Each structure stands twice: as C-alpha cells, then as structure tokens.
1. Suppose the filter is under 21 Å from residue 201 (Cα atoms), charged (D, E, K, R), out of contact with any strand residue (DSSP E or B) (no Cβ under 6 Å at 6 or more places or on another chain) and not assigned by TED's automatic domain parsing to the domain that holds residue 276; does residue 129 pass it?
2. Are any of the residues in region 60-81 in contact with an Asp or Glu (Cβ under 8 Å, 6 or more places away or on another chain), outside the structural domain of residue 207 (by TED's automatic domain parsing) and of a type in the set (Asp, Glu)?
3. Could you list, in sequence order, all residues of region 141-161 that are among the hydroxyl-bearing types (Ser, Thr, Tyr) and surrounded by fewer than 23 Cβ atoms within 10 Å (Cβ to Cβ)?
4. Which residues, counting only those in region 11-48, are among the aliphatic types (A, V, I, L, M), assigned to a strand (DSSP E or B) and crowded, with 20+ Cβ neighbours inside 10 Å?
5. Please determine whether any residue of region 87-96 is among the β-branched types (Val, Ile, Thr), buried (at least 16 other Cβ atoms within 10 Å of the Cβ) and either in the same structural domain as residue 252 (by TED's automatic domain parsing) or assigned to a loop (DSSP other than H, G, I, E, B) (or both).
6. Name the residues in region 168-210 that are in a helix (DSSP H, G or I) and either crowded, with 20+ Cβ neighbours inside 10 Å or touching a residue at least 24 places away in the same chain (Cβ under 8 Å) (or both), would you?
7. Inspect all residues belonging to region 272-283 and state whether any of them is aliphatic (A, V, I, L, M), more than 20 Å from residue 136 (Cα to Cα) and modelled with pLDDT of 95 or more.
8. What's the number of the condition residue 231 fails, among (1) among the small types (Gly, Ala, Ser); (2) surrounded by 15 or more Cβ atoms within 10 Å (Cβ to Cβ); (3) over 30 Å from residue 110 (Cα atoms)?
Amino acid sequence: MLKPSKLGYAELAVKDMEGMTDYYSEVLGFTLMEEDEQGRKYFSSGLDHHNIILTPVNDSNLLSIGFQLDKGISLNEAQKELTKLGVSSKLKSDSQPGVPELLELKDPDGFTVHLYSEIDMPAPRFKEKGIIPNKLGHLALASMNPLKTADFYKDVLKFYYTDKIDERANFLTCNTDHHVLNVSNLGKRIGQPNLYHIAFELRDASHQYYAFDVLAKNDIKVLWGPNRHTAGHNIAAYHHDPDGNLVELFIDMDQLIPGLGYFDPRPWHEDFPMLPRYWDDNSQWGTKFEETLLDYASKKFDKISNS
C-alpha cells in the first residue's frame, strides 16, 4: 500500500536568499550541506541530507513537499498504485542531491509533491549555535479548496484525518504526530494557493524559551504565542522569517495511536480517550487566533497581490 511515513523536506521559493541563508544557518541552526548549479541551497536539521531547500526565485511560496515512503515500497509500485487512482506522476532520477529517485506529482492546489524511498544520511548532527529544532514538524497550506485537497492526501496518499477547526482548517498525519499537514481555507481568502506557515518541533519548554531569546537577539519579533492550540494541543509561537513566511516553533504535540484511533493520553485532554474531533477555534488559552495570527498572514498576502 502506498503510504508515506515522514515529512522529509520542504522546498521554498526565496526572494531574499542572503537573509534566508543566514536565518536557516545562524538563527535556526541548520547545516548547509550543498549548493547546486542553479543556486539552490540544501539544509539539514541533523540526519538527512536535507530537510529544507531554498530556491532563488523572485517570489515567496512553497515549491515542493517531500514525503519519505515506508520501507519496502518501491517507487515503481507506488507509481502503479497512483495510476490506478487516476493520479499522474513522473519518476525522476538524480533530480536533487541526496535523493537517487523520486516520484513527482501535484496535489489539487498545484503544490508539487515528491515521494521517495531513500535519502542520503550524512548525519551532520545538531549544531551548537542557533535554535536547533528537532525536526521539520509540519506544513500549513493555504488552499483554494481545502476539503478537496485534504481528501486527496487522505484517499490517495493514505494520510489519517485527525482534527478539524470550523471551516478553516483540516489536520492530517502520515505517522504518529497529530499533524504533518494543516490544509486551511486561507487560499480562498487571498485568492491563490500559498504556504500558510512552516513549523519546527522543539524539545521542551526550556528549549522554547531559549528559542525566543535567539529570535530577540536577531531582532525577530514573536507575533503570537506561546499559546496552547486546541487541535493537536501543541504549545506554539509564531514569527516571520526574512522572506515574510510565517514560522511556528512548537512543543507538546498530541501523538496519535493509529491502530486505536485516539491520541495518547495527556493531562490537558478534555476527553478520555481523546478522539479526533471538530473544534471552534485553535486557542486553548483564549487568545484570539483570528484577530492576531491570521491578520499577519493576510497582510503578507496583501503585499504579494499588490506587488
């Protein structure tokens, strides 16, 4: 069965290449592994050859998402299964360093999705300077048709549907994390598909406080949070990177037990067992999500549409 098990990398279109390179290497503390002939830069969080790709384009958006398939699934088998489901894909060899083969396809919003089985693991380890997240945690997509896109990931790529917030957001996972994708209706509001935010997992509360100090020393303002979300119950805070992308740093995300269909018990759960559910808002502590965080996103997209 076609089944990703890991969010491996995100490729970002970048306007301010110098600023973004400094942000990922010095502020977040990723390791620059390679730069190709087209000027793309590949950053590792510590294990894989890359988890972030910065591509110099006069734009700011998400270019591609890479998901690593379960062991034992060949890309030829995956392509056959996609064809049966009516989804076209291309098998590519050596299209990026560290990934010998990948399948390339499009989701309903036109975002490029890469599926791969193998990636080089030079394992540069965690650096000692910067925030140094554990991993790339999830992506939030601003979708034109969030239900259609969420169903694509559920029905075609076999993601699990977890929570839903009003008509605004749909949460999906391919592993035990509460979500690796958040598909929102923000694309409708801004008139185009785009990256809503990118999120990185930190170790614990002390790591999160340290991260805010690193941001402050680099004159980067925390926009919203820390606050506990409802869907996922992660404690999250958001800031802008040099390109204006919204970046989330989070801890304490719910862990799904896929075979049982509920979340591993945590002290803050309202229900025991905690099942996937519908939520009215995404703030457990009362801070108005709509009036703060989404306003920042809308302002960014207003600048894009007016440029």
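1. Spelling it out, residue 129 is indeed under 21 Å from residue 201 (Cα atoms), charged (D, E, K, R), out of contact with any strand residue (DSSP E or B) (no Cβ under 6 Å at 6 or more places or on another chain) and not assigned by TED's automatic domain parsing to the domain that holds residue 276.
2. Among the residues of region 60-81, not one is in contact with an Asp or Glu (Cβ under 8 Å, 6 or more places away or on another chain), outside the structural domain of residue 207 (by TED's automatic domain parsing) and of a type in the set (Asp, Glu), which makes the answer no.
3. Within region 141-161, 160, 161 meet the criteria.
4. Within region 11-48, 12, 14 meet the criteria.
5. Within region 87-96 (the criterion being among the β-branched types (Val, Ile, Thr), buried (at least 16 other Cβ atoms within 10 Å of the Cβ) and either in the same structural domain as residue 252 (by TED's automatic domain parsing) or assigned to a loop (DSSP other than H, G, I, E, B) (or both)), the answer is yes, since at least one residue qualifies.
6. Answer for region 168-210, where residues must be in a helix (DSSP H, G or I) and either crowded, with 20+ Cβ neighbours inside 10 Å or touching a residue at least 24 places away in the same chain (Cβ under 8 Å) (or both): 186, 187, 188, 189, 190, 205, 207, 208, 210.
7. For region 272-283, residues aliphatic (A, V, I, L, M), more than 20 Å from residue 136 (Cα to Cα) and modelled with pLDDT of 95 or more: present.
8. (3)
The values are calculated or read from the model by the stated rules, or taken from the named source; none is laboratory data. Bear in mind the structure is a predicted one, so any value in this text is a computation, not a measurement. Cβ coordinates were reconstructed from backbone atoms using ideal geometry, including for glycine residues, and neighbour counts include every protein chain displayed.
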